[in-house]
Each structure stands twice: as C-alpha cells, then as structure tokens.
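The values are calculated or read from the model by the stated rules, or taken from the named source; none is laboratory data. In this text, all values refer to a predicted model and were calculated from it rather than measured experimentally. Cβ: placed from backbone, ideal geometry, glycine included. Neighbour counts: every protein chain shown.
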Amino acid sequence: MYQLIDGKAISQQIKDELKEKVEKRKAQGEEICMAVIQVGSDPASSVYVNNKKKACAYIGIQSLAYELPEETTEEELLGLIGELNAKEEVSGILVQLPLPGHINEEKILLAIDPAKDVDGFHPVNVGNLSIGRPGYVSCTPAGVIQLLKRSGIEIEGKECVVLGRSNIVGKPMAMLLLRENGTVTVCHSRTKNLKEITKRADILVVAIGKPKFVDAGYVKEGAVVIDVGIHRNENNKLCGDVDFEDVAPHTSAITPVPGGVGPMTIAMLMNNCVEGVK
C-alpha cells in the first residue's frame, strides 16, 4: 500500500511553525512586510494573490497589495518596484506572473532587489543556488524537498529523475536534489528513451505540463512520485501530469492533485519571507 503525501497537512505544519517565529520576532519589535503586485485581473492570478494574502494574515506578516490596471506601463511598474526596493520596512517583493503582453517579464524580475526576491527568480539567487551559496530558492521546488523530508523519504544516494527543465521548477529542482546528495537526471521533450530513464528513478518529480502524461509504464515499482502539474480535465476536475489511478498502486509514496505540491508553494513563499529577514 502506498503512502499518500499530504501537502495540505505539511504546509499547515510549516505555516504554524512560521507563525510562532513571527510572534517571537514581533515581541522583539520586528515586523515582516511583503509587497504583492498584480497587474490586470487574470482570474487564476487573483486566486493566487488572495491565497498569499490569507497566508500572510495567518502567519502575522503584513502584506501590501498593489492591484494595478491591465494598461499599467512597464515604466510605471519599474518605478513602483524601485520605490519598494528602497523601503526598508518591505522585506519581500512579489510580482504575480504572468504579466500583460506589453510588459517584459525578465526586465521586471531583474529590477527586484535580490535580497527582497522572495520568489527566488532573480539570476543572483538562481546563481547562488547553483554554486551552493545561501539565497532565496524558487518556492515550488523548495516545497517538494520539504514534502519528501517531512514524509520520512531519504534523498541521499537515491536515483532522482526530474521530468521538465523549466527555470521555475525543473532546473532548481534538479539543483536542490543534488544539494541533498541525490543522483539526478533531467529529462525533457527531446529526451530519447524517456521511459527507460524514468523507470530507473527511486524519486520521480514530474513537471512536464501535460495532463496525465505519466502512466504506470514510466514508473519503477516502489518509486516515490511527486506530481507538480495542475490542469483541468474534460470534466473541469483538477488533475496533474501523472495519471494518479494508474500510477499510485505501483508507488511507495505519491502526491495527489489537488492537495499535494500546490499548498507547499505558498508555505515556502511565506518561509522565504520570514527566513529572509534574518
């Protein structure tokens, strides 16, 4: 029987630990403040931003919300980021992606002070991760590591396969697994003999962006499977990159969608915000 890795419970555990830390810091007169910027009113972005605000309120972090109209110019957005970089009381800055087409995302992310980049997307933080220096780490991969560790799953010495090579999940995921002494292979759309490689994995992290792409044929018996994908199927139900019903019986542990990796992203964002103040 496989272990169902409960991201809701683990993320709650992390948020409760952070709440305690924030209360102690407040008692010493230290406030933590995160600025969240959303441009336009993309419904999915609005849901994420709301969830981030709720998490801030729960933990005791002050949040500044900037909800800007769709027609906000790149210059106006850069001006706001410049102001927030200069404000000492703002510990973290988050720009909700995607941005409207007329704004250059890379330019915006580069403008955030790396010391306030709680999303971990700035090249300085990505570089720090790759050479093993301290810095902010992209929230979803950091959440996956916590899911594994808090579920009692050993990473050291294990054969780890990451399916997907995006800058936000795949690449930092591979580096974090390496940092935990895993032996890491990264696969992608051009990988030959994909099933042969994924079937070697003791830990398989799937972030390929294709609904139910991974079936039992990709998975070694007894592997740990982490599903980072999130989609809506033909019945408007949430599903992941992994065909859960087909794969789960062959695993030793697996994350569900929803309720697996998803809740961890916000928990780790809060963690970045609190830990980054030190």
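Laid out as a table, the results:
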{"quantity": "Neighbours by Cβ (under 8 Å, 6+ apart or cross-chain): first from region 40-64, within 14 Å of residue 274 (Cα to Cα); second among the acidic types (Asp, Glu)", "calculated": "60/23; 62/31"}
{"quantity": "Hey, residue 21 at pLDDT 95 or above and surrounded by fewer than 16 Cβ atoms within 10 Å (Cβ to Cβ) or not", "calculated": "no"}
{"quantity": "Flag if residue 178 is among the aliphatic types (A, V, I, L, M), surrounded by 17 or more Cβ atoms within 10 Å (Cβ to Cβ) and in contact with a strand residue (DSSP E or B) (Cβ under 9 Å, 6 or more places away or on another chain)", "calculated": "no"}
{"quantity": "Filtered residues of region 45-98 (kept if over 15 Å from residue 34 (Cα atoms) and modelled with pLDDT under 95)", "calculated": "45, 46, 47, 97, 98"}
{"quantity": "Residue within region 113-122 that is farther than 23 Å from residue 255 by Cβ, without any contact (Cβ under 8 Å) to a residue 12 or more places away in the chain and assigned to a helix (DSSP H, G or I) present", "calculated": "no"}
{"quantity": "Test: residue 171 is at pLDDT 95 or above, assigned to a helix (DSSP H, G or I) and more than 14 Å from the chain's Cα centre (by Cα)", "calculated": "no"}
{"quantity": "Criterion: more than 24 Å from residue 146 (Cα to Cα) and exposed (fewer than 14 other Cβ atoms within 10 Å of the Cβ) - qualifying residue of 38, 62, 28", "calculated": "28"}
